[in-house]
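Quick notes on the structure that follows.
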Amino acid sequence: MFVVVGVSGGIAAYKTVQVVRALVTNGHEVHVVPTEDSLRFVGTATWEAISRHPVTTSVHDDVAEVRHVALGTQADLVIVAPATANTLAKMAAGISDNLLGVTLLATTAPVVVAPAMHTAMWDHAATQANITTLRDRGVYVVGPADGPLTGGDSGPGRMAEPDEIVAEALALVEREPEAPAGDLAGLTVVVSTGGTREPIDPVRYIGNRSSGKQGVAVALAAADRGAYVHLVAAHVDGSVLDTALHHPRIAVERALTAAEMDTAMRAAAGGSDVVVMAAAVADFSVPEVSDVKIRKEDGTVTLDLIENPDILIGLVRERGAGQTIVGFAAETAADEAELQERGIRKRARKGVDLLAVNRVGWQQGFESARNAVLFVDTSDQVTARAEGSKRAVADALWDAVLRLR
Ligand code: C5P
């Protein structure tokens, strides 16, 4: 197979040497296309020795052979590792001011990127938007992993390991050109998850017990059934997001406060087929967040809270043609009849097409791996029930959505 390995300017470039070596050892013809900046980390001599082919960064070499186009058109697979925030941004915009950019525009082969950057850069809305754009275009994203980063920090942003990049890239080519299979294939869905945190001062917040498990299960179920998923995550427990971060059809965006969630959901909802608000959004926030830590010595503290806008109602108001909107309701109810009645009333108040209602209490609903919900639709009746793992409940939700569409 003819493989182009693009290398952009990150310290992880040294690990890409292993990617190239593994591909060459497996009998593939590998051409390395470094960016100028990446040569500060690993030089031309290394790439030429390992790949056994000449290496250039310039579109002006081998002009007679139209090398800049030839590389892209000949490629059966393109891997960009490490993919810096800058290179991802250029890819998303289609900028071709170096040989790698030109090659990426000229190719119709599957493209795999292995992002590597500091956590703050990975989390930035611009990078996440670029990743979403690339995923929507069919680019496959491997990693980044969560772990130690350059400079002593730790978090998501570490480039995936070389053997993982090679294995996923080769598996992708074997899978191509298969379109995603499943009863949700062709749909773009937006799912929110987790609990928002409303800051009080630099170290404190008002939060809730949402673990994010149910919303992530909804996102994974949709993606496994063929949909493209934009997952907007507030605070979630521990490793709850991990599987979603590695799913080829899920782009994760972080939104930690109700206001951030509002902005992210409104932006993501436009053009999507289904919106599921599974996040536990704070109903109130602190209008004047203290810039300094509030101290005990200051005496009794009174927090004035203002009501947050209801994101779901806003999304229903601004809904696009043909869009299905689903809400969740966590209710404390004395019995089943009260739960139903509350669900029916809330469905109407929110104006959603479908409301998944679950009973919560001190021992029920939140951190648990299991859930029990009833679904209310615009007929103002309970049309389905689901009980079991959060994944089983998620699949029942998508079954109910499909019945409505
Ligand atoms: O009114 P309640 O909080 O019970 O409604 C729950 C539903 O509304 C959930 O789908 C939740 O994501 C959404 N919600 C919202 N904006 C808020 C509060 C809740 O979108 N401010």
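The values are calculated or read from the model by the stated rules, or taken from the named source; none is laboratory data. Remember, it's a predicted structure, so these values are computed and weren't measured experimentally. Neighbour counts run over all protein chains shown; Cβ positions are idealised from the backbone, glycine included. SASA here: full protein model, heavy atoms, side chains in, ligands and nucleic acids out. Shrake-Rupley method; radii C 1.70, N 1.55, O 1.52, S 1.80 Å.
Odds and ends about this structure:
- Qualifying residue in region 288-297 (condition: on the phi < 0 side of the Ramachandran plot and within 16 Å of the ligand (Cβ to nearest atom)): no
- Of all residues in region 235-262 being charged (D, E, K, R), under 15 Å from the mean Cα position of the chain (by Cα) and outside any helix (DSSP H, G or I), the one that is surrounded by the fewest Cβ atoms within 10 Å (Cβ to Cβ): ARG254
- From the list VAL286, VAL316, the one residue that fits, being in contact with a Leu (Cβ under 9 Å, 6 or more places away or on another chain), in contact (Cβ under 8 Å) with a residue 24 or more places away in the chain and open to solvent by less than 50 Å² (accessible area, probe 1.4 Å), is VAL286.
- Within region 76-160, strands (runs of 3 or more DSSP E) holding 1 or more residues that are within 14 Å of the chain's Cα centre (by Cα): 111-115, 145-148, 154-158
- Residues of region 235-249 that are away from the ligand (no atom under 16 Å from the Cβ) and in contact with a Lys or Arg (Cβ under 8 Å, 6 or more places away or on another chain): ASP237, VAL240, PRO248, ARG249.
- Checklist (1) β-branched (Val, Ile, Thr); (2) within 16 Å of the ligand (Cβ to nearest atom); (3) open to solvent by 20 Å² or more (accessible area, probe 1.4 Å) applied to VAL376, failing item: (3)
- Selection within region 273-287 - more than 9 Å from the ligand (Cβ to nearest atom) and within 14 Å of GLN323 (Cα to Cα): ASP273, VAL274, VAL275
- Selection from region 299-316 of residues that are at pLDDT 95 or above and away from the ligand (no atom under 12 Å from the Cβ): LEU305
- Some residue of region 263-272 being open to solvent by less than 20 Å² (accessible area, probe 1.4 Å), near the ligand (Cβ under 10 Å from one of its atoms) and either within 12 Å of VAL232 (Cβ to Cβ) or not hydroxyl-bearing (Ser, Thr, Tyr) (or both): yes
- Only residues that are within 29 Å of the chain's Cα centre (by Cα) and farther than 22 Å from ALA223 by Cβ were counted in region 377-396, giving 3.
- Within region 220-250, tally of residues that are within 27 Å of ASN308 (Cβ to Cβ) and touching a Leu at 6+ places or on another chain (Cβ under 7 Å): 6
- Each residue in region 97-134 was checked for being surrounded by fewer than 18 Cβ atoms within 10 Å (Cβ to Cβ) and closer than 25 Å to HIS60 by Cα, and 3 pass.
Yes/no per residue for (1) in contact (Cβ under 8 Å) with a residue 24 or more places away in the chain; (2) not polar (S, T, N, Q):
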position: GLN340; (1), (2): yes, no
position: ILE344; (1), (2): yes, yes
position: GLY351; (1), (2): yes, yes
position: VAL357; (1), (2): yes, yes
position: ARG385; (1), (2): no, yes
position: ARG405; (1), (2): yes, yes
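- Counting only residues that are open to solvent by less than 60 Å² (accessible area, probe 1.4 Å) and within 11 Å of the ligand (Cβ to nearest atom), region 327-350 holds 9 of them.
- Of the numbered criteria (1) crowded, with 18+ Cβ neighbours inside 10 Å; (2) out of contact with any Asp or Glu (no Cβ under 8 Å at 6 or more places or on another chain), the one SER8 fails is (2).
- In the set (1) more than 16 Å from the ligand (Cβ to nearest atom); (2) in contact (Cβ under 8 Å) with a residue 12 or more places away in the chain; (3) open to solvent by 80 Å² or more (accessible area, probe 1.4 Å), the condition left unmet by GLY322 is number (3).
- Selection count where residues are under 17 Å from VAL139 (Cβ atoms) and surrounded by 20 or more Cβ atoms within 10 Å (Cβ to Cβ), scope region 156-165: 3
- Qualifying residues in region 396-405 (those that are in a helix (DSSP H, G or I) and more than 15 Å from the ligand (Cβ to nearest atom)) - the one nearest to GLU331 (Cα to Cα): ALA396
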